Amino acid sequence: MEALEELAARAASGDKAAFADIYGVLMDSVYKYLFWNLGSTDDAEDLTEEVFLRCIVNIASYNPKRGAFRSWTFRIAHNILMDHHRRNKRRGDEPLKDELHNGSAGTAERVEKKERARALHKALDRLNAVQRQVITMKYFAEMNNAETAVALGKSEGAINAIQHRALHRLGNILEERGWVS
């Protein structure tokens with residue numbers, strides 16, 4: 001597989017297959033990032049589509065000298081997510097509408113996964129916006145510190161510090177709720 005930057009250059013020149021490859025590589029990570037920030041598969045799917053639409057429309061403006069293509073894409077995802085939050089003004093402590101993984105209905109394992117996901121989502125909601133972004137980018141979208149830093153417009157050192165504080169806070173929140181011993 002070619003590097004994303006090479007695929008972006010080809011896609012900017014009109015190569016539809018190159019953009020399809022980009023989509024194949026990044027779609028799952030973008031979706032997970034959005035899902036864990038929104039708690040809704042419908043909203044995550046809609047915003048994921050919007051991210052890739054903006055990517056294809058603006059791909060000619062991507063400059064590899066300013067950062068990795070993955071970071072550029074997640075910057076778009078971050079901006080779309082912030083726009084979504086501004087439009088919808090957080091709905092409060094709403095339970096997860098959907099689950100990330102499907103399984104057979106009614107099994108104890110599925111119920112446990114759903115409850116863990118719900119507890120984690122509620123805990124993530126108690127972090128400040130930047131901490132939540134760092135955690136979801138690093139752990140759900142599987143981005144490294146450099147990619148996260150570019151996507152959020154911060155230094156790698158700041159990302160390290162934010163991640164450390166966020167994980168500590170998350171641990172405390174989950175412990176309060178009885179999910180950590």
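The values are calculated or read from the model by the stated rules, or taken from the named source; none is laboratory data. Keep in mind that what you see is a predicted model, and the values were worked out from it rather than measured. Cβ placement follows ideal geometry from the backbone for every residue including glycine, while neighbour counts extend to all protein chains displayed.
Remarks
- Any hit, region 120-130, residues being touching a Phe, Trp or Tyr at 6+ places or on another chain (Cβ under 6 Å) and either at pLDDT 75 or above or of a type in the set (Phe, Trp, Tyr) (or both): no
- The residues listed here are 123, 141, 149, 166; of these, the one that is closer than 20 Å to residue 29 by Cβ, over 15 Å from the mean Cα position of the chain (by Cα), small (Gly, Ala, Ser) and surrounded by 18 or more Cβ atoms within 10 Å (Cβ to Cβ) is 166.
- Where residue 52 falls short, out of the listed (1) closer than 24 Å to residue 124 by Cα; (2) more than 13 Å from the chain's Cα centre (by Cα): (1)
- Candidates 140, 69: the one that is closer than 13 Å to residue 34 by Cα, of a type outside the set (Val, Ile, Thr) and at pLDDT 80 or above is 140.
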